[in-house]
1. Expressed as a rounded percentage, what relative contact order does the range 2-76 have, with Cα pairs under 8 Å and six or more residues apart?
2. Can you give the helix-only mean residue ellipticity at 222 nm for the chain, where every DSSP H stretch with n ≥ 4 adds -39500 (n - 2.57) and the sum goes over all residues, rounded to the nearest 500 deg cm²/dmol?
3. Where does each of 76, 64, 8 land when they are ranked from fewest to most other beta-carbon atoms within 10 angstrom?
4. Lys and Arg at +1, Asp and Glu at -1: add these up for the other residues within a Cβ distance under 14 Å of residue 70 and post the number.
5. With each label point set 7 Å from Cα along the Cα-Cβ vector, what nm distance links residue 2 and residue 63?
6. Between helix 13-25 and the chain, what is the angle of the helix's C-alpha long axis to the longest principal axis, kept within 0 to 90° and rounded to the nearest 10?
7. What's the extension gain from residue 25 to residue 10 if we count 0.36 nm per residue and subtract their Cα-Cα distance?
8. Translational diffusion coefficient of the chain at 25 °C, 0.890 mPa s, Stokes-Einstein with Kirkwood Rh over Cα pairs, in µm²/s as a whole number.
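Just so you know, all these numbers are worked out from the coordinates, no wet-lab data involved. Since the model is a prediction, treat every value here as computed from it, not as a measurement. So basically every Cβ, Gly included, is an ideal-geometry build from the backbone, and we count neighbours across all protein chains shown.
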Amino acid sequence: MTRRFSLLVADRPDVLLRVCGLLLRRRATVGTLSYGPARHPGWARLDLELTVDERHGRGLEERLAGLVDVRDVAELRAPAAPAPALH
């Protein structure tokens with residue numbers, strides 16, 4: 001299953017290392033990773049798109065949020081397909 005997350009993290013190199021270590025332990029394959037400064041000084045936005053099987057993906061959002069120096073985690077869901085137009 002593919003899952004997308006957006007994290008607000010402390011802007012330090014060890015935070016990215018810890019997040020990647022957690023993903024390795026949960027056997028997640030990283031499809032895309034984007035890291036850049038956030039609006040607030042000292043914080044960065046980390047966007048991830050992961051492929052992980054259901055068994056290892058259970059509780060992933062909570063585990064990401066439990067890491068030190070992670071301030072916020074949001075799982076991004078794909079928008080539902082639009083309903084067909086009735087004529």
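1. Here the relative contact order equals 47 percent.
2. For the chain, the value works out to -7500 deg cm²/dmol.
3. The order, fewest Cβ neighbours first, is 76, 8, 64.
4. Charge balance in the 14 Å sphere: -3.
5. Label-label distance for residue 2 and residue 63, simple model: 2.2 nm.
6. 60 degrees
7. 3.3 nm
8. Rounded, D is 177 µm²/s.
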